[in-house]
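In what follows, a structure is listed as structure tokens, so that the remarks can point back to it.
A short reminder: the numbers here are calculations on the coordinates, not readings from a lab. As the structure is a computational prediction, the values presented were derived from the model and not from experiment. All Cβ positions, glycine included, derive from the backbone under ideal geometry; neighbour counts span all protein chains shown.
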Amino acid sequence: MVDLQAQYQHIKAEILEGFEQVLNSSAYINGEAVKELADNLSEYLSCGNVIPCGNGTDALLASLMALDLKPGDEIITVPFTFVSTVEVIALLGLKPVFVDIHPETYNMDETQLLKVITSKTKAIIPVHLYGQCCNMEKICEIAKTKKIYVIEDNAQAIGANFQFSDGTIKKSGTIGDIGCTSFYPSKNLGAYGDAGAIFTNNEELAHKIRNIANHGQCKKYLSDFVGLNSRLDSLQAVVLNTKLKYLDEYIDSRNEAAKFYDNAFSENPNIKIPKRVEYSNHVFHQYTLHIGNKRDIVKNKLSEAGIPSMIYYPYPLHLHPAYKYLNYKIGDFPISEKMAKEVISLPMHTELNKEQLNYISNTLNEIV
Ligand SMILES: *Cc1c(COP(=O)(O)O)cnc(C)c1O
């Protein structure tokens, strides 16, 4: 699905040099490289505050912890996402409330938000799934009139651009009140271990989140808030500083591979290629096709031909045993349930060559 080894070979010298500096400095946590990463990301994203942390799940957790919520407060998100998005809500004793997704973009259906917003709703967490932004203009408009926060789960879309109807462009993750990302190794900007970050232009929230990520300490050994141990390793920051320089090139490579796939499948009536929306570009964390109810057979046949594929995500979250207590049932989110059964993601990374792309797409066209 990804070829991190081949990518590493291109940047090996830079990474090893950076590692050497960290090892010589022995500032292993929150060292110089971590500060540089915060500055570099601030500049890349045009965002006032970037707070590196331990992983993407912690980024979401620390963000929610900064909002002064109380048990039972409601947070709206989608059931078609990685479990972290919902896990952090549940961990804090808050109530996850779901809305379904759009059948073509797989992102939050913002037209359903008003139906579920109550006096207890405190935040919306849109997930920019597969690398394309949700309709953030609409989502933020609704949030503003209802005075609720927007926390973007930007784990899959770092580097994507959102365009407002007046032409203004903002980077994904900097549009709502807070943006969260993951630098899990296979993410578009991936570390060589766990890592994550939080973005915000709100100084007050930034101050609080920065402290929360370090045990709630405002000064050493004095905690203002209940916090977390969620700091970033300097070695991971070296990897991220190096890769950030190439992120736009990486996004271009992914788009080239996506274009190749698009052309290969555009004439096949049984394959629906990813829709592009007018308000966001696509950074293709995943290249995901809608191929209907024969999906599992197709996946097996691809595997027999030596082609990896993945299902993101095979079980919508409202049907996980862990979230049964929310009392949702089969049929509550029909689009999420359908897509969990009918989509498939193909290999997508920065090192795909024409031969591989040809083999993958010819094989899939023969199967479907
Ligand atoms: C990867 C991911 C996360 C969690 O990130 P970790 O760094 O693995 O904790 C959260 N949300 C989404 C949508 C993700 O893809």
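Kindly identify segment 148-224 as rounded, prolate or oblate by the Cα gyration tensor criterion: order the square roots of the eigenvalues as a ≥ b ≥ c, call it rounded if a/c is under 1.5, otherwise compare a/b with b/c, prolate if a/b is larger, else oblate.
Oblate is the answer for segment 148-224, as a/c is 1.5 or above yet b/c matches or exceeds a/b.
Counting helices only, and only those DSSP H runs with n ≥ 4, report the 222 nm mean residue ellipticity of the chain as the sum of -39,500 (n - 2.57) divided by its residues, in deg cm²/dmol to the nearest 500.
For the chain, the value works out to -12500 deg cm²/dmol.
Hey, can you grab everything whose amide H is under 5 Å from the amide H of I271? Only 5+ residues off in sequence or another chain; H modelled, so Pro and N-termini drop out.
Amide H neighbours of I271, under 5 Å, 5+ apart: none.
Only sites in a loop by DSSP and with at most 16 other Cβ atoms within 10 Å count here; which trypsin sites (Lys or Arg not before Pro) in segment 319-368 make the cut?
Counting only loop positions with at most 16 other Cβ atoms within 10 Å, the trypsin sites (Lys or Arg not before Pro) in segment 319-368 are K329.
What residues of segment 76-98 lie in the reach of a label at K146, counting those whose backbone N is under 14 Å from a point 7 Å from the Cα along Cα→Cβ?
Only 76-78, 95-98 pass the distance filter.
Enumerate the amide H contacts of N107 below 5 Å, restricted to partners 5 or more residues apart or on another chain; note that Pro and chain-start residues carry no placed amide H.
H102
What is the chain's relative contact order, in percent, from Cα pairs under 8 angstrom and six or more apart in sequence?
21
Which of the GluC sites (Glu not before Pro) found in segment 1-109 are loop residues per DSSP with 14 or fewer other Cβ atoms within 10 Å of their Cβ?
E104
Would you mind listing how long segment 78-210 runs along its three principal axes, going by Cα atoms, in whole Å with the largest first?
Projected onto the principal axes, the Cα atoms of segment 78-210 cover 42, 38, 34 Å.
Hey, if you put +1 on the Cβ of every Lys and Arg and -1 on every Asp and Glu Cβ in segment 217-345, which of I273, Q217, M339 ends up farthest toward the positive end of that dipole?
So the residue furthest toward the plus end is Q217.
Please identify the chymotrypsin sites (Phe, Trp or Tyr not before Pro) of segment 143-173 that satisfy two criteria: DSSP loop assignment and at most 14 other Cβ atoms within 10 Å. Which are they?
Listed in order of number, the matching sites are F164.
Could you give the Stokes-Einstein D for segment 1-147 in µm² per second, using the C-alpha Kirkwood radius, 4 °C, 1.567 mPa s?
72
Rounded to the nearest 20 debye, what is the charge dipole size of segment 247-367 about its Cα centre when +1 sits on each Lys and Arg Cβ and -1 on each Asp and Glu Cβ?
Result for segment 247-367 is approximately 600 debye, rounded to the nearest 20.
What's the FRET efficiency of V83 with E32 using the Cβ-Cβ distance as r and R₀ = 45 Å, to the nearest 0.05?
Once the sixth-power term is evaluated, E becomes 0.85.
Taking 8 Å as the Cα distance limit and 6 or more residues as the minimum spacing, I'd like the relative contact order of segment 1-147 as a percentage.
Once divided by the residue count of segment 1-147, the mean separation gives 16 percent.
Just list whichever of K171/K219; K187/K245; K70/K329; K12/K243 have alpha carbons separated by over 21 Å in the model shown.
K171/K219; K70/K329
With a cut-off of 8 Å between alpha carbons and a minimum separation of six or more residues, what is the relative contact order of segment 96-243 in percent?
Answer for segment 96-243 is 14 percent.
Any idea how far apart N263 and Q5 come out in nm if each label point goes 7 Å out from Cα toward Cβ?
2.9
Can you give me the long-range amide H partners of M348? Hydrogens built in the peptide plane at 1.01 Å from N, cutoff under 5 Å, separation of 5 or more residues or another chain.
Result for M348 returns nothing.
Hey, could you get me the Stokes-Einstein D for segment 247-367, Kirkwood radius over alpha-carbon pairs, 37 °C and 0.692 mPa s, rounded to whole µm² s⁻¹?
209
Of the options A123, V238, G306, report the single residue whose Cα projects farthest towards the positive end of the charge dipole of the chain (beta-carbon charges: Lys, Arg +1; Asp, Glu -1).
A123
Is the shape of segment 199-289 rounded, prolate or oblate, going by the alpha carbon gyration tensor and its root eigenvalues a ≥ b ≥ c, with a/c under 1.5 for rounded and a/b larger than b/c for prolate?
Prolate.
Antiparallel DSSP bridges in the chain: what percent, to the nearest 5?
65
Compute the separation of the alpha-carbon centres of segment 46-105 and segment 107-186 and state it in Å as a whole number.
Each part's Cα centre sits 11 Å from the other's.
Taking the chain as the region of interest, what is the percent of Cα-Cα pairs per 20 angstrom bin, listed from the shortest bin to the one with the maximum distance?
For the chain, the binned pair fractions read 29, 58, 13, 0 percent.
Let's see if you can work this out: charge +1 on each Lys and Arg Cβ, -1 on each Asp and Glu Cβ, no other charges. What is the dipole magnitude of the chain about its Cα centre, in debye to the nearest 20?
Roughly 960 debye, rounded to the nearest 20.
Quick check: net charge around K299, other residues with Cβ under 13 Å of its Cβ, Lys/Arg +1 and Asp/Glu -1?
+1
For Y359, what charge total do you get from the other residues with a beta carbon under 14 Å from its beta carbon, if Lys and Arg give +1 and Asp and Glu give -1?
Residues near Y359 contribute -1 overall.
Take segment 133-272, drop everything but the C-alpha atoms, weight them equally and run the Debye formula without solvent; then report log10 I(q)/I(0) at 0.12, 0.15, 0.17 Å⁻¹ to two decimals.
Cα-only, vacuum Debye calculation for segment 133-272: -0.65, -0.93, -1.10.
Which residue, chosen from I251, V78, C140, occupies the Cα position most advanced towards the positive end of the dipole of the chain, where the dipole is computed from +1 (Lys, Arg) and -1 (Asp, Glu) charges on Cβ about the Cα centre?
Toward the positive end, the furthest listed residue is V78.
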